[in-house]
Structures are given as structure tokens and as C-alpha cells.
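Everything below concerns the one structure shown next.
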Amino acid sequence: NAGVTQTPKFRILKIGQSMTLQCTQDMNHNYMYWYRQDPGMGLKLIYYSVGAGITDKGEVPNGYNVSRSTTEDFPLRLELAAPSQTSVYFCASKNQGNQPQHFGDGTRLSIL
Amino acid sequence: QKEVEQDPGPLSVPEGAIVSLNCTYSNSAFQYFMWYRQYSRKGPELLMYTYSSGNKEDGRFTAQVDKSSKYISLFIRDSQPSDSATYLCAMSAEGGAQKLVFGQGTRLTINP
């Protein structure tokens, strides 16, 4: 039972480069989320999706884009990487109703 | 003022002690309250999930919610070295889309 899988685990980018963080879940969950966690801080919501084809902004969406073409996948794209986007990125998913979110193990991203 | 306040610690206690972790919040619309445990270089793992006010117990863990005081607590009885981790409180106004707002996290060490 894989749960929520994030790739890559680590990545170093140069300023201005672009990349896509991958997230896939095998639990057939409708809801998916992207968070970022800065050192010593809690998680902040970047984007979320309530189902395939539907996405919406969270608290800190600037500099990021998402898409949700399938139930399983919810990639997060950085178009022009900036040092302020150095962080650990977590993807999560949940089922319908008042169910809790399940998290992946994160992607550690450094932008130099 | 942050929406959710949590003392970052660090907190260090001897094995077998009772641990008390707390969060305060300002948004009276919050109804769903969670505690997550996060080990180093891992994603958050759900420990407790409660709705509205009251207590919930699961093994050595007890979660309390006092909506009138906007205050939530997590108690760990008979603490073990394996409980050493960062504990994050999280809350949401709705159970559906569940846009979580996290506390900063408290780093806990249980000393053998």
C-alpha cells in the first residue's frame, strides 16, 4: 500500500530554472493538497484540488502552478525558481467527507 | 497575530513523564482539530482528529479541545523515546475541502 508518493526526494535548482514536483496517490482520494514547510515552521497551503479538473489557491500560491488531469496525480510546477522557494514540499490527499489528510514524505528543494 | 500559535520548544522530558502540548487559535470558525507527529525527514503522520469541543483518547494519547478558550491540547502518558518528534497542531473550519492551518510545531525529546 504505497499511499502518497512524492518524487524526487531531493533537488537543487538554479535561480530561474523550472521544474515539476510529482505527487501520486493510490487511494482513489478526491482531495489533494500541496504544502510547503520552511525550517522550524508549520506547513502552509499552496494549492489544493477537490477532484480531477478542479484546482484552487491556498495561502501561498504565488510562483506556483498546478494541474489535476487524473484522480491519482497532482503535480506542482515552479516556472521561475527563486531562492524564496527553497523549502520542503509536502503533498497530501484525503477522501470525501470529514476524513483526515494523509501526507507523503516530501521533496526537499534548494534554489541557489 | 498568527491564526494558530504553538510554542516551538524544544521540550525535553525523561522517559515515563506525562507530556502536555498546546496550541491556541484566533479563528472561531475552526471546528476540526488535528495533531500530527513528524519524524525527521518524514511527512506528518496523523495522531488525533477531533471535531468541536471535548476529549478523545487513543492509547497513551489524549486530545482536548476547548472552543470557548480557543485552546487545544495533546497529552502523552508514559512517554517513550520513540515519541521523540515534532508535534504539529492543525485545524480547519470545514471537513470537506479541509484547508488546514498549522501551528509552528513543538520539537519534543524523550530522554531514556
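Summary of computed values
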{"quantity": "Check on A:Gln22, under 18 Å from B:Ala97 (Cα atoms) and surrounded by fewer than 18 Cβ atoms within 10 Å (Cβ to Cβ)", "calculated": "no"}
{"quantity": "Residue in the range B:36-52 that is small (Gly, Ala, Ser), in a strand (DSSP E or B) and under 15 Å from the mean Cα position of the chain (by Cα) present", "calculated": "no"}
{"quantity": "Filter pass, A:Pro39 being surrounded by 13 or more Cβ atoms within 10 Å (Cβ to Cβ) and not basic (Lys, Arg)", "calculated": "no"}
{"quantity": "Any chance B:Arg41 is more than 13 Å from B:Ala93 (Cα to Cα) and at pLDDT below 95", "calculated": "yes"}
{"quantity": "Members of the range B:15-35 found to be more than 12 Å from the chain's Cα centre (by Cα), at pLDDT 95 or above and among the aliphatic types (A, V, I, L, M), listed by number", "calculated": "B:Ala17, B:Ile18"}
{"quantity": "Residues of the range A:26-51 classified as more than 15 Å from the chain's Cα centre (by Cα) and of a type in the set (A, V, I, L, M, F, W, C), total", "calculated": "2"}
{"quantity": "The one condition in (1) at positive phi; (2) within 14 Å of chain B (Cβ to nearest Cβ); (3) not aliphatic (A, V, I, L, M) that A:Gly63 fails to fulfil", "calculated": "(2)"}
{"quantity": "Filtered residue count, the range A:80-100, keeping only those that are more than 14 Å from A:Tyr33 (Cα to Cα), more than 9 Å from every other protein chain (Cβ to nearest Cβ) and in a loop (DSSP other than H, G, I, E, B)", "calculated": "4"}
{"quantity": "Extreme residue, farthest from B:Leu46 (Cα to Cα), among residues of the range B:81-94 that are surrounded by 19 or more Cβ atoms within 10 Å (Cβ to Cβ) and within 10 Å of another protein chain (Cβ to nearest Cβ)", "calculated": "B:Ser92"}
{"quantity": "Condition check for B:Ser52: in contact (Cβ under 8 Å) with a residue 12 or more places away in the chain and either over 18 Å from A:Gln101 (Cα atoms) or basic (Lys, Arg) (or both)", "calculated": "no"}
{"quantity": "Subset of the range B:95-107 [within 9 Å of chain A (Cβ to nearest Cβ) and either part of a loop (DSSP other than H, G, I, E, B) or within 10 Å of the chain's Cα centre (by Cα) (or both)]", "calculated": "B:Gly95, B:Gly96, B:Ala97, B:Gln98, B:Lys99, B:Leu100, B:Phe102, B:Gly103, B:Gln104, B:Gly105"}
{"quantity": "Count - residues of the range A:58-77 that are in contact with a Ser or Thr (Cβ under 6 Å, 6 or more places away or on another chain) and either surrounded by fewer than 16 Cβ atoms within 10 Å (Cβ to Cβ) or in a strand (DSSP E or B) (or both)", "calculated": "3"}
{"quantity": "Residue check, A:Met41 of a type in the set (A, V, I, L, M), closer than 18 Å to B:Leu100 by Cβ and part of a loop (DSSP other than H, G, I, E, B)", "calculated": "yes"}
{"quantity": "Residue count, the range B:1-14 (criterion: at pLDDT 95 or above, of a type outside the set (Gly, Ala, Ser) and exposed (fewer than 14 other Cβ atoms within 10 Å of the Cβ))", "calculated": "1"}
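The values are calculated or read from the model by the stated rules, or taken from the named source; none is laboratory data. What you are looking at is a predicted structure, and each value in this text was computed from that prediction instead of being measured. Positions of Cβ are generated from backbone atoms using ideal geometry, with glycine treated the same way; all protein chains shown enter the neighbour counts.
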